[in-house]
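Enquirer: Structure in structure tokens, see below.
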Amino acid sequence: MTEEKKPKPTRSSSDYSAKNISVLEGLDPVRKRPGMYIGGVGADGLHHLIREVVDNAIDEALAGEAKTISLILGDDDLVEVEDDGRGIPVDLHPQTKKSALETVMTTLHAGGKFGGGGYKVSGGLHGVGVSAVNALSEWTRAEVYRDGKIYAQDYRRGKPEEVVKVVGKTEKRGTKIAFRPDQKIFKTIEWESRRILQYLRQQAYLTQGVRIFYRDLRSNRPTESPADYGFYFESGISSYVSHLNRARVKLNSPPFMVSQEIESEGEKYLVEVSIQYTEDFVERVFAFANNIHTVEGGTHLTGFRTALTRVLNDYAKKNKLIKESDSLSGDDVREGLTAVISLKLSNPQFEGQTKSKLGNPEAQSVVNSVLAKHLGYYLDENPSIAKRIMEKAALSLKARLAAKAARDTVLRKGALDGMTLPGKLADCSDRRPSRCELYIVEGDSAGGSSKQARDRSFQAVLSLRGKILNVERARLDRMLTSDEIKALIVALGIGIGDQINYDKLRYHRIIIMADADVDGAHIRTLLLTFFYRNFPELISRGHLYIAQPPLFLIEKGRRKIYAYNEAEKERILAGLAKERSGEKIEPAAQGSEKSPEDQGAAETETTVPFELGIKGVSVQRYKGLGEMNPSQLWETTLNPENRVLLKVSVDDAEQTDELFSMLMGDEVPPRKRFIQTHARTVKNLDV
């Protein structure tokens, strides 16, 4: 007879009572879950603090009250933002029984943006902006200049240290917020001037007539960071479009621009749209609502696209530029288009605190009606410009139909041949995409070595012949005439064009492996252009990498040490020279995956000049992957235990797009200026 085991007692419902319910008061929820309010505690979340404070100053400018905004970076991570607006009220708030300033700084969803006539237009809809910054800062100080007096209040981690006090007299007006982010919240506090300047420039474009000043007073300011900068754009978003296209061939210059106030269902809207076509094949459209960049678009972007497609189709058919039976698609009319849409409205409905999408239904019809009316006039009044735009759209229609036939042929061929993969591909045996890697190499020599060196179970190798087509200057129909590009598309398995399905990706690591010379750099750039223009989500999902083969093999007796750049070689050689005194040299760190910003980190190390003549030491510089035997290639570049991979990511979509257009586009002068500017910083140039 066995003893029956009794079930373990479980906690009864009586154990779960009111004492188990946590109540977070004031700004405690922000400190407990900062990601809910600023999107995270990394670099993006850190810089979101600046945006929240600057947004409040911009709202004063949009209300017609502020003309000047300044931002200062100081030592000890300090940030100051000042405007010459009305100044936050300091009188007693009827509900909170505290000053209005303290209420705004310490209470979520408090501000002049929820009614009461404080703002007709505002980007800070959720009202958590400056209070969230206060909560996530070690120290904050608010100064208000009103009625000839200076009012001030200091805070520690969101809690006021004192009541609002008068600390002086002044003739100016406005608000200054100074804050120092909390190191307990943010692991790394490092202000990036490039990111801040881009945001300030963007706000100056969108707020016509406002002056924005930037000063970097940090004692350890990066050398490439300007100490002083100012932005002022009288033409607003028209200047923005011109700036975006400064490295491209334009079809209509200056850009088309419309700015109109319109009333719908008792609400007033300000619609601003600027359009310029270029000879590129890429669409660049930026949509804003109350100066907030709606990355995911929304109803205002839908209204813009609907109006653009309808107006160009009507014009084309009215002037018999396309057959009556044909119709230009949205893709046709947006090829080579650069546009900025800016909508100002009193009650924006954003999706989420990060405000990435506008949801107001009426915004679609408002933008649609304004653009349709004025773009139609513009085309009728500028027939030569209209002809160039329509010829480009008609050519895009023709190319789209040709590309569809070519794409279907490429994809159908792969399917009918039993998913036959290109002959240039040495596939792996594993069929689980999460484990599989695809190495893209150029040349028979490098391809042969890579195929012998790889681990056949999970590593595939696709060898390409020569440099692939520069897709920055080619439509899809021309791309699909390239055997190398067709091989790439079929190997990836996700399709091309409007039929891409990223879930069918056959390899979750796609690794570009090219020689460490000028030709190798060119091949890498061509492949990066191909992936960025045709498969951007492969990059955003983290599937694209760049292999880092070593540049040097250093041998001393039976010892072999690999160096990945010139600085590392010098460090190793200096260490070998010192070994006679008992000091040993550590090998380079390996087995890591680095993001692009880590690239070149080793080149900043202090190097010790190497005096030639160490007995028994030889240095070999690899000119190409084909010079390595399979065992060396495996050991240095393919073995996950030792290799160094750079993960490709896009931190700044606008700047990345501009860089590819400048490097790979048709306009030569911008590329020439870039080369002249950076020529002196080039290292290891092969001549």
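Enquirer: With each pseudo-label sitting 7 Å past Cα toward Cβ, what's the Ser235-Asp444 distance in nm, one decimal?
Expert: Here the modelled spin labels are 5.5 nm apart.
Enquirer: Also: Between Lys187 and Tyr502, what FRET efficiency follows from the Cβ-Cβ distance if R0 is 35 Å, with the result rounded to 0.05?
Expert: Here the calculated transfer efficiency is 0.70.
Enquirer: On to the next question. I want to make sure I understand the PRE zone here: with the label point 7 angstrom from the Cα of Ala405 toward its beta carbon, which residues in region 323-337 have backbone N atoms less than 20 Å away?
Expert: 323-329, 332
Enquirer: Write down the Kirkwood hydrodynamic radius of region 127-189, to one decimal in angstroms, obtained as one divided by the mean of 1/r over all alpha carbon pairs.
Expert: About 12.4 Å, per the Kirkwood formula over Cα pairs.
Enquirer: What ranking, highest mean first, results for peptides 172-181, 142-151 when packing means the other Cβ atoms within 10 Å averaged over each residue?
Expert: Packing order, densest peptide first, comes out as 172-181, 142-151.
Enquirer: In what sequence, largest accessible area first, do Met36, Met257 appear using a 1.4 Å probe?
Expert: Correct descending sequence by accessible area is Met36, Met257.
Enquirer: Let me see the P(r) profile for region 340-380: every Cα-Cα distance counted, bins of 5 Å, each bin given as a percent of all pairs.
Expert: Each 5 Å bin holds this share of Cα pairs: 5, 18, 25, 23, 12, 9, 6, 2, 0.
Enquirer: Once a ≥ b ≥ c are taken as the square roots of the eigenvalues of the Cα gyration tensor of region 232-322, is the result rounded (a/c under 1.5), prolate (a/b larger than b/c) or oblate (a/b not larger than b/c)?
Expert: Since a/c reaches 1.5 but b/c is at least a/b, the shape of region 232-322 is classed as oblate.
Enquirer: Arrange the peptides 187-194, 47-54 so that the one whose residues have, on average, the most other Cβ atoms within 10 Å appears first.
Expert: 47-54, 187-194
Enquirer: Here is a further query. Quick check on my link table: of Lys32/Lys98; Lys578/Lys647; Lys268/Lys317, which ones sit more than 28 Å apart, alpha carbon to alpha carbon?
Expert: Lys578/Lys647; Lys268/Lys317
Enquirer: Given the Cα-Cα distance of Lys398 and Asp147 and 0.36 nm per residue of separation, how much length would full extension add, in nm?
Expert: 83.8 nm
Enquirer: Ranking request for peptides 85-91, 359-365: highest mean number of other beta-carbon atoms within 10 Å first, then the rest in descending order.
Expert: Peptide ranking by packing, descending: 85-91, 359-365.
Enquirer: Work out how much length Lys172 to Arg388 would gain on full extension: take 0.36 nm times their residue separation and subtract the Cα-Cα distance, in nm to one decimal.
Expert: 72.6 nm
Enquirer: Give me the percent of accessible area attributable to carbon and sulfur for region 435-475, probe 1.4 angstrom.
Expert: Answer for region 435-475: carbon and sulfur cover 39 percent of the accessible area.
Enquirer: Let me ask something additional. Can you pull the semi-axes for region 172-219, root of five times each eigenvalue of the Cα gyration tensor, sorted largest first, whole Å?
Expert: Taking √(5λ) for each Cα gyration eigenvalue gives 24, 16, 11 Å.
Enquirer: How many nm separate the modelled label positions at Asp380 and Met36, each set 7 Å beyond the Cα in the direction of the Cβ?
Expert: In this crude label model, Asp380 to Met36 measures out at 5.4 nm.
Enquirer: Can you compute the modelled spin-label distance between Val295 and Ser540, with each label point 7 Å from Cα toward Cβ, in nm?
Expert: Using points 7 Å along Cα→Cβ, the separation is 0.8 nm.
Enquirer: To continue, here is another question. Any idea what log10 I(q)/I(0) is at q = 0.14, 0.24 Å⁻¹ for region 446-555, Debye with uniform C-alpha scatterers and no solvent?
Expert: Those come out to -0.60, -1.69, one per q.
Enquirer: Further, regarding this structure: Please work out the Cα center distance from region 27-82 to region 317-347, rounded to the nearest Å.
Expert: 36 Å
Enquirer: Tell me the Kirkwood radius of region 264-374: reciprocal of the mean inverse pair distance over distinct alpha-carbon atoms, in Å.
Expert: The Cα-based Kirkwood calculation yields 14.7 Å.
Enquirer: A further question follows. If the viscosity is 0.890 mPa s and the temperature 25 °C, what Stokes-Einstein diffusion coefficient in µm²/s follows for region 285-333 when Rh is the Kirkwood radius over Cα pairs?
Expert: It diffuses with D of about 202 µm²/s by this estimate.
Enquirer: For region 177-285, which semi-axes, largest first and in whole Å, follow from the square roots of 5 times the eigenvalues of its Cα gyration tensor?
Expert: They are 33, 21, 14 Å, listed largest first.
Enquirer: Compute the length gained on full extension between Thr223 and Asp314: take 0.36 nm times their separation in residues and subtract their Cα-Cα distance, giving the result in nm to one decimal.
Expert: Computed gain between Thr223 and Asp314 is 27.4 nm.
Enquirer: I've got another one for you. For a quick check: with amide H placed at 1.01 Å from N, whose amide H comes under 5 Å from Arg211's, ignoring anything fewer than 5 positions away on the same chain?
Expert: Thr68, Ile69
The values are calculated or read from the model by the stated rules, or taken from the named source; none is laboratory data. Quick caveat, the model's predicted, so the values are computed rather than measured. Counting neighbours? That spans all protein chains shown, and the Cβs are built from the backbone with ideal geometry, glycine included. For the accessible areas, the whole protein counts, side chains as well, though only heavy atoms, and no ligand, DNA or RNA atoms are used. Shrake-Rupley method; radii C 1.70, N 1.55, O 1.52, S 1.80 Å.
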